[in-house]
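Following: one structure in C-alpha coordinates, then a few remarks.
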Amino acid sequence: MDFSHPVQQKVFFDIHTNLPRESPGSDHSTLQALKAVAQHLPDEPRIGDFGCGPGSSALPLAKALPQAHITAIDLHKPFIDDVAQRAQKKDLTNITAYVGDMTDPPFDAGDLDIIWCEGAIYNLGIDNALQLWQRYLSPQGIIVFNDAIWQAPASKRPPELIELWSEYPSMTDHEGVLRMIEAAGYETLDHFILPEADWWDSYYTPMEDKLATLEAQYANQPDAILPLQEARAEILMRRKYAGLYDYCFYCVRSRKN
Ligand code: SAM
(Lines give C-alpha, C1' and ligand atoms only; values in the text may rest on other atoms or scores of the structure.)
Protein backbone atom coordinates (compact mmCIF):
# COMPACT_ATOMS: atom_id res chain seq x y z
CA MET A 1 0.00 0.00 0.00
CA ASP A 2 0.95 3.62 -0.38
CA PHE A 3 1.41 5.49 2.93
CA SER A 4 1.44 8.84 1.15
CA HIS A 5 -2.10 8.15 -0.08
CA PRO A 6 -4.33 9.82 2.58
CA VAL A 7 -7.26 7.39 2.25
CA GLN A 8 -5.02 4.32 2.34
CA GLN A 9 -3.16 5.69 5.34
CA LYS A 10 -6.44 6.35 7.13
CA VAL A 11 -7.72 2.84 6.43
CA PHE A 12 -4.41 1.36 7.56
CA PHE A 13 -4.74 3.12 10.91
CA ASP A 14 -8.43 2.19 11.11
CA ILE A 15 -7.26 -1.42 10.95
CA HIS A 16 -4.42 -0.83 13.40
CA THR A 17 -6.22 1.15 16.07
CA ASN A 18 -7.54 -0.36 19.28
CA LEU A 19 -6.14 -3.80 18.63
CA PRO A 20 -4.86 -5.44 21.80
CA ARG A 21 -1.43 -5.62 20.17
CA GLU A 22 0.27 -4.79 16.90
CA SER A 23 2.36 -7.91 16.29
CA PRO A 24 2.14 -11.61 17.14
CA GLY A 25 2.75 -12.20 20.83
CA SER A 26 1.20 -12.52 24.29
CA ASP A 27 1.86 -11.51 27.88
CA HIS A 28 2.89 -15.11 28.48
CA SER A 29 5.63 -14.95 25.84
CA THR A 30 6.81 -11.52 27.02
CA LEU A 31 7.15 -12.91 30.54
CA GLN A 32 8.88 -16.05 29.27
CA ALA A 33 11.51 -13.81 27.65
CA LEU A 34 11.79 -11.77 30.84
CA LYS A 35 12.42 -14.94 32.82
CA ALA A 36 15.26 -15.82 30.46
CA VAL A 37 17.12 -12.60 31.30
CA ALA A 38 15.97 -12.04 34.90
CA GLN A 39 19.18 -13.32 36.52
CA HIS A 40 21.22 -10.71 34.61
CA LEU A 41 19.19 -7.68 35.71
CA PRO A 42 20.10 -5.10 38.34
CA ASP A 43 17.64 -4.50 41.20
CA GLU A 44 16.02 -1.50 39.52
CA PRO A 45 16.41 -2.11 35.80
CA ARG A 46 16.05 0.73 33.33
CA ILE A 47 14.15 -0.60 30.33
CA GLY A 48 13.57 1.06 26.98
CA ASP A 49 10.66 -0.41 25.02
CA PHE A 50 11.36 0.54 21.40
CA GLY A 51 8.46 0.63 18.93
CA CYS A 52 6.16 -0.01 21.89
CA GLY A 53 2.88 0.25 19.93
CA PRO A 54 -0.12 0.25 22.30
CA GLY A 55 1.97 -1.11 25.19
CA SER A 56 1.79 -4.84 24.48
CA SER A 57 5.12 -5.50 26.17
CA ALA A 58 5.54 -2.37 28.34
CA LEU A 59 2.43 -3.16 30.41
CA PRO A 60 3.20 -6.77 31.38
CA LEU A 61 6.84 -5.80 32.03
CA ALA A 62 5.81 -2.93 34.28
CA LYS A 63 3.50 -5.22 36.22
CA ALA A 64 6.08 -7.99 36.57
CA LEU A 65 8.88 -5.58 37.56
CA PRO A 66 7.38 -2.90 39.81
CA GLN A 67 10.89 -1.76 40.77
CA ALA A 68 11.91 -1.20 37.12
CA HIS A 69 11.48 1.98 35.17
CA ILE A 70 10.18 1.53 31.65
CA THR A 71 10.45 4.18 28.98
CA ALA A 72 8.21 3.25 26.07
CA ILE A 73 8.75 5.04 22.78
CA ASP A 74 6.98 4.93 19.45
CA LEU A 75 6.69 7.25 16.44
CA HIS A 76 2.90 7.04 16.38
CA LYS A 77 1.35 9.42 18.95
CA PRO A 78 -2.02 7.65 19.26
CA PHE A 79 -0.16 4.52 20.43
CA ILE A 80 1.68 6.56 23.03
CA ASP A 81 -1.61 8.00 24.26
CA ASP A 82 -2.92 4.44 24.44
CA VAL A 83 0.04 3.23 26.52
CA ALA A 84 -0.38 6.14 28.95
CA GLN A 85 -4.10 5.45 29.31
CA ARG A 86 -3.70 1.71 29.75
CA ALA A 87 -0.92 2.23 32.32
CA GLN A 88 -3.09 4.66 34.28
CA LYS A 89 -6.03 2.26 34.26
CA LYS A 90 -3.81 -0.47 35.68
CA ASP A 91 -2.13 1.87 38.20
CA LEU A 92 1.26 1.23 36.65
CA THR A 93 3.28 4.29 37.61
CA ASN A 94 6.63 2.90 36.47
CA ILE A 95 6.03 3.53 32.74
CA THR A 96 6.84 6.74 30.92
CA ALA A 97 5.59 6.82 27.33
CA TYR A 98 6.49 9.35 24.71
CA VAL A 99 6.83 9.88 21.02
CA GLY A 100 10.37 8.98 20.04
CA ASP A 101 12.37 7.51 17.19
CA MET A 102 14.26 4.29 17.83
CA THR A 103 16.73 5.16 15.06
CA ASP A 104 17.78 8.09 17.25
CA PRO A 105 16.52 7.13 20.71
CA PRO A 106 16.24 9.84 23.35
CA PHE A 107 18.84 8.29 25.66
CA ASP A 108 22.48 8.89 26.53
CA ALA A 109 25.21 6.28 26.34
CA GLY A 110 24.76 3.56 28.97
CA ASP A 111 21.29 4.76 30.01
CA LEU A 112 19.50 1.41 29.63
CA ASP A 113 19.92 -2.03 31.19
CA ILE A 114 17.52 -3.60 28.69
CA ILE A 115 16.21 -2.62 25.30
CA TRP A 116 12.97 -4.46 24.60
CA CYS A 117 11.64 -4.55 21.05
CA GLU A 118 8.67 -6.71 20.06
CA GLY A 119 7.61 -6.77 16.43
CA ALA A 120 9.44 -3.57 15.51
CA ILE A 121 13.13 -4.35 14.94
CA TYR A 122 12.41 -5.09 11.27
CA ASN A 123 12.08 -1.33 10.75
CA LEU A 124 15.85 -1.04 11.20
CA GLY A 125 16.97 -4.60 10.42
CA ILE A 126 18.39 -6.77 13.20
CA ASP A 127 22.06 -6.16 12.39
CA ASN A 128 21.68 -2.37 12.17
CA ALA A 129 19.59 -2.20 15.33
CA LEU A 130 21.96 -4.32 17.41
CA GLN A 131 24.93 -2.21 16.34
CA LEU A 132 23.13 1.11 16.77
CA TRP A 133 21.63 0.34 20.17
CA GLN A 134 24.73 -1.05 21.85
CA ARG A 135 25.92 2.40 22.94
CA TYR A 136 22.70 2.98 24.95
CA LEU A 137 23.24 -0.17 27.02
CA SER A 138 24.96 -0.44 30.37
CA PRO A 139 27.97 -2.84 30.40
CA GLN A 140 26.79 -6.32 29.37
CA GLY A 141 23.34 -4.88 28.85
CA ILE A 142 20.51 -6.93 27.38
CA ILE A 143 18.43 -6.68 24.23
CA VAL A 144 15.24 -8.69 23.91
CA PHE A 145 13.57 -8.66 20.52
CA ASN A 146 11.35 -10.81 18.37
CA ASP A 147 11.09 -10.93 14.63
CA ALA A 148 9.88 -13.01 11.72
CA ILE A 149 12.23 -15.75 10.55
CA TRP A 150 12.08 -18.19 7.67
CA GLN A 151 11.64 -21.83 8.64
CA ALA A 152 11.43 -23.13 5.08
CA PRO A 153 14.61 -23.28 3.00
CA ALA A 154 14.71 -20.77 0.13
CA SER A 155 13.78 -23.45 -2.42
CA LYS A 156 10.53 -24.29 -0.57
CA ARG A 157 9.15 -20.76 -0.13
CA PRO A 158 5.99 -20.21 -2.19
CA PRO A 159 6.13 -17.08 -4.41
CA GLU A 160 3.04 -15.56 -2.75
CA LEU A 161 4.70 -15.88 0.65
CA ILE A 162 7.93 -14.35 -0.65
CA GLU A 163 5.79 -11.52 -2.02
CA LEU A 164 4.16 -10.99 1.40
CA TRP A 165 7.55 -10.58 3.08
CA SER A 166 9.14 -8.66 0.20
CA GLU A 167 8.91 -5.41 2.15
CA TYR A 168 11.35 -7.00 4.57
CA PRO A 169 14.19 -8.15 2.33
CA SER A 170 16.60 -8.74 5.22
CA MET A 171 14.34 -11.42 6.77
CA THR A 172 16.48 -14.49 7.35
CA ASP A 173 16.40 -17.84 9.15
CA HIS A 174 17.35 -18.70 12.74
CA GLU A 175 20.99 -19.40 11.84
CA GLY A 176 21.14 -16.08 10.04
CA VAL A 177 19.86 -14.23 13.11
CA LEU A 178 22.39 -16.00 15.35
CA ARG A 179 25.18 -14.92 12.98
CA MET A 180 24.01 -11.29 13.12
CA ILE A 181 23.87 -11.41 16.92
CA GLU A 182 27.45 -12.71 17.14
CA ALA A 183 28.77 -10.30 14.52
CA ALA A 184 27.27 -7.33 16.37
CA GLY A 185 29.07 -8.32 19.60
CA TYR A 186 26.37 -10.09 21.62
CA GLU A 187 25.86 -13.56 23.05
CA THR A 188 22.51 -15.31 22.75
CA LEU A 189 21.11 -16.19 26.19
CA ASP A 190 17.90 -17.76 24.95
CA HIS A 191 15.55 -17.96 22.01
CA PHE A 192 12.11 -19.46 21.47
CA ILE A 193 9.47 -19.60 18.76
CA LEU A 194 6.14 -17.96 19.56
CA PRO A 195 3.29 -20.48 19.81
CA GLU A 196 0.66 -20.42 17.06
CA ALA A 197 -1.92 -18.94 19.49
CA ASP A 198 0.27 -15.81 19.72
CA TRP A 199 -0.52 -15.06 16.07
CA TRP A 200 -4.25 -15.29 16.63
CA ASP A 201 -5.61 -14.59 20.10
CA SER A 202 -4.62 -10.93 20.43
CA TYR A 203 -3.62 -10.13 16.88
CA TYR A 204 -5.12 -11.74 13.76
CA THR A 205 -8.46 -12.74 15.29
CA PRO A 206 -9.33 -9.22 16.54
CA MET A 207 -7.95 -7.83 13.27
CA GLU A 208 -10.18 -10.14 11.26
CA ASP A 209 -13.22 -9.03 13.27
CA LYS A 210 -12.34 -5.44 12.47
CA LEU A 211 -11.81 -6.12 8.78
CA ALA A 212 -15.37 -7.35 8.37
CA THR A 213 -16.72 -4.04 9.74
CA LEU A 214 -14.27 -1.89 7.76
CA GLU A 215 -14.96 -3.73 4.48
CA ALA A 216 -18.64 -2.88 4.87
CA GLN A 217 -17.84 0.71 5.84
CA TYR A 218 -15.56 1.29 2.81
CA ALA A 219 -17.52 -0.84 0.33
CA ASN A 220 -18.18 2.14 -1.97
CA GLN A 221 -14.67 3.57 -1.80
CA PRO A 222 -12.39 1.73 -4.25
CA ASP A 223 -9.25 3.64 -3.20
CA ALA A 224 -9.68 2.31 0.35
CA ILE A 225 -9.55 -1.32 -0.68
CA LEU A 226 -5.81 -1.99 -0.87
CA PRO A 227 -4.94 -1.87 2.86
CA LEU A 228 -7.96 -4.08 3.60
CA GLN A 229 -6.90 -6.59 0.95
CA GLU A 230 -3.34 -6.64 2.21
CA ALA A 231 -4.42 -7.28 5.79
CA ARG A 232 -6.67 -10.14 4.60
CA ALA A 233 -3.82 -11.58 2.52
CA GLU A 234 -1.43 -11.50 5.46
CA ILE A 235 -3.90 -13.45 7.61
CA LEU A 236 -4.61 -15.92 4.80
CA MET A 237 -0.87 -16.56 4.37
CA ARG A 238 -0.61 -17.52 8.02
CA ARG A 239 -3.53 -19.97 7.66
CA LYS A 240 -1.94 -21.51 4.58
CA TYR A 241 1.73 -21.48 5.48
CA ALA A 242 2.18 -21.61 9.26
CA GLY A 243 5.42 -23.50 9.78
CA LEU A 244 7.20 -22.05 6.75
CA TYR A 245 7.87 -18.89 8.76
CA ASP A 246 7.60 -18.04 12.42
CA TYR A 247 8.13 -15.33 14.96
CA CYS A 248 11.08 -15.94 17.25
CA PHE A 249 12.19 -14.23 20.47
CA TYR A 250 15.90 -13.60 21.00
CA CYS A 251 17.36 -12.63 24.38
CA VAL A 252 20.91 -11.39 23.87
CA ARG A 253 23.61 -9.83 26.05
CA SER A 254 26.24 -7.35 24.97
CA ARG A 255 29.83 -8.55 25.29
CA LYS A 256 30.94 -4.98 26.04
CA ASN A 257 32.05 -4.35 29.63
N1 SAM B 1 5.64 -3.54 19.93
C2 SAM B 1 4.28 -3.34 19.52
C3 SAM B 1 3.52 -4.63 19.57
O4 SAM B 1 4.14 -5.69 19.53
O5 SAM B 1 2.28 -4.58 19.65
C6 SAM B 1 4.16 -2.68 18.14
C7 SAM B 1 4.63 -3.47 16.95
S8 SAM B 1 4.23 -2.68 15.40
C9 SAM B 1 4.35 -3.99 14.25
C10 SAM B 1 5.71 -1.75 15.05
C11 SAM B 1 5.75 -0.44 15.80
O12 SAM B 1 6.99 0.22 15.55
C13 SAM B 1 4.66 0.54 15.39
O14 SAM B 1 3.98 0.94 16.55
C15 SAM B 1 5.41 1.70 14.75
O16 SAM B 1 4.77 2.95 14.97
C17 SAM B 1 6.74 1.60 15.46
N18 SAM B 1 7.86 2.22 14.75
C19 SAM B 1 8.22 2.06 13.46
N20 SAM B 1 9.36 2.74 13.20
C21 SAM B 1 9.71 3.35 14.38
C22 SAM B 1 10.79 4.20 14.77
N23 SAM B 1 11.74 4.55 13.91
N24 SAM B 1 10.84 4.61 16.05
C25 SAM B 1 9.88 4.27 16.94
N26 SAM B 1 8.83 3.46 16.63
C27 SAM B 1 8.76 3.02 15.37
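Figure legend. Inter-residue proximity from the range 105-124: first residues of a type in the set (Asp, Glu) and more than 14 Å from the ligand (Cβ to nearest atom), second residues open to solvent by 30 Å² or more (accessible area, probe 1.4 Å) and part of a strand (DSSP E or B), beta-carbon distance below 6 Å, spacing 6+ or different chains. Indicated pairs: Asp113/Arg46.
If only residues of the range 11-57 that are closer than 18 Å to Asn94 by Cβ and of a type in the set (Asp, Glu) are counted, the one that is surrounded by the most Cβ atoms within 10 Å (Cβ to Cβ) is Asp49. One residue alone among Pro66, Pro60 is modelled with pLDDT of 95 or more, farther than 18 Å from Val144 by Cβ and either within 8 Å of the ligand (Cβ to nearest atom) or not hydrophobic (A, V, I, L, M, F, W, C) (or both), and that residue is Pro66. Of the helices (runs of 4 or more DSSP H) entirely within the range 161-257, those holding at least 1 residues that are open to solvent by less than 50 Å² (accessible area, probe 1.4 Å) and among the β-branched types (Val, Ile, Thr) occupy 174-183, 225-241.
Within the range 136-151, not a single residue is under 15 Å from the mean Cα position of the chain (by Cα), near the ligand (Cβ under 9 Å from one of its atoms), at pLDDT 95 or above and open to solvent by 10 Å² or more (accessible area, probe 1.4 Å). Output yes when any residue across the range 74-95 is more than 9 Å from the ligand (Cβ to nearest atom), of a type in the set (Ser, Thr, Tyr) and not in a loop (DSSP other than H, G, I, E, B), and no when none is. No, that holds for no residue.
With respect to (1) within 14 Å of the chain's Cα centre (by Cα); (2) touching a residue at least 60 places away in the same chain (Cβ under 8 Å); (3) farther than 22 Å from Thr30 by Cβ, the lone exception for Trp165 is condition (1). Collect the residues in the range 15-57 that are β-branched (Val, Ile, Thr), away from the ligand (no atom under 11 Å from the Cβ) and in a helix (DSSP H, G or I), keeping them in residue-number order. Within the range 15-57, Ile15, Val37 meet the criteria.
The values are calculated or read from the model by the stated rules, or taken from the named source; none is laboratory data. Keep in mind it's a predicted model, so treat the numbers as computed, not measured. Quick reminder, even Gly has a Cβ in these numbers, built from the backbone with ideal geometry, and neighbours come from all protein chains shown. For accessibility, only protein heavy atoms count, side chains too; no ligands or nucleic acids. Shrake-Rupley method; radii C 1.70, N 1.55, O 1.52, S 1.80 Å.
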